[in-house]
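K.L.:
Please read through the structure below; I'll follow up with questions.
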Amino acid sequence: MPATRMTRIQGASRLAKMRSVLVLVVAAGCGFQVGTSGGAADPDARSDGPTDPRIDAAFDAPADAPPDAPPDAPPDAPPTWTVVETITVSCLNQASQSTTVLAAGVTYRLRATGTCVSNNTNGSLGDAEYTFNGSVINDSSGGTDTGISINDATPGSLKQPRWGAYTTTHQYEVPWVGTGATITVLVHADNYSNNSGSLTLTILALQ
């Protein structure tokens, strides 16, 4: 074989070997695993690279729980009748004045309780509306409507207010609309000289 042709063959062989080496280097740089048999790389044989633990932590972290809802505020308590003043009312001819100014147009409740002596001669008693002695009950005595009056200074046949039907508890209650002033409380009787003791008047407001 001529020398020139031999030289060409040897040069081509070296070039082919260099190309093979270059292919292997490029394949290795791209992450492929090259087999010595020259077959296709097995994708399952490639090992995965390391995993960033922060990524797993981000997926595994529990979602923040929503804050607890504040408890419902208790509803406001409804207003109730509350004692604002208690007045001792003499059963003699002595008026008493409240210290509470009853607001104009506002409805209060007046509660009268107790008994006093209406006639110390025969032992009769009286309450906010009636005189009584045993089973004898009278709404008036000597033409006078007896009992506790409000803003009514003159004893007579009819006083203000009327306290309702007789009760053995001697407790009565009536509504009273304020006028923007205090109230004057007086026991009406036909004869104060034989009276003694006192009754009680309580003013209640809705609060």
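K.L.:
Return only the number of the condition from (1) in a strand (DSSP E or B); (2) under 42 Å from the mean Cα position of the chain (by Cα); (3) of a type in the set (A, V, I, L, M) that residue 117 does not satisfy.
P.N.:
For residue 117, the exception is condition (2).
K.L.:
Between residues in segment 98-109 that are on the phi > 0 side of the Ramachandran plot and residues that are assigned to a strand (DSSP E or B) and not hydroxyl-bearing (Ser, Thr, Tyr), which pairs lie under 8 Å by C-beta distance while being six or more apart or on different chains?
P.N.:
These pairs meet every condition: 105/177.
K.L.:
Still on this structure, I have one more. Tally the residues that are closer than 16 Å to residue 193 by Cβ and β-branched (Val, Ile, Thr), restricting the search to segment 103-153.
P.N.:
The qualifying residues number 5.
K.L.:
Still on this structure, I have one more. If the requirement is being touching a strand residue (DSSP E or B) at 6+ places or on another chain (Cβ under 6 Å), closer than 17 Å to residue 189 by Cα and at pLDDT 95 or above, which of these qualifies: 107, 131?
P.N.:
Of 107, 131, the one residue that is touching a strand residue (DSSP E or B) at 6+ places or on another chain (Cβ under 6 Å), closer than 17 Å to residue 189 by Cα and at pLDDT 95 or above is 131.
K.L.:
Could you tell me how many of the residues in segment 105-114 are assigned to a strand (DSSP E or B) and of a type outside the set (Ser, Thr, Tyr)?
P.N.:
Of the residues in segment 105-114, 4 are assigned to a strand (DSSP E or B) and of a type outside the set (Ser, Thr, Tyr).
K.L.:
Checking residue 206 against (1) in contact with a Pro (Cβ under 7 Å, 6 or more places away or on another chain); (2) of a type outside the set (D, E, K, R); (3) surrounded by 13 or more Cβ atoms within 10 Å (Cβ to Cβ): exactly one of these is not met. Which one?
P.N.:
The one condition residue 206 does not meet is (3).
The values are calculated or read from the model by the stated rules, or taken from the named source; none is laboratory data. Since the model is a prediction, treat every value here as computed from it, not as a measurement. In this analysis, Cβ positions are derived from the backbone assuming ideal geometry, glycine residues included, and neighbour counts consider all displayed protein chains.
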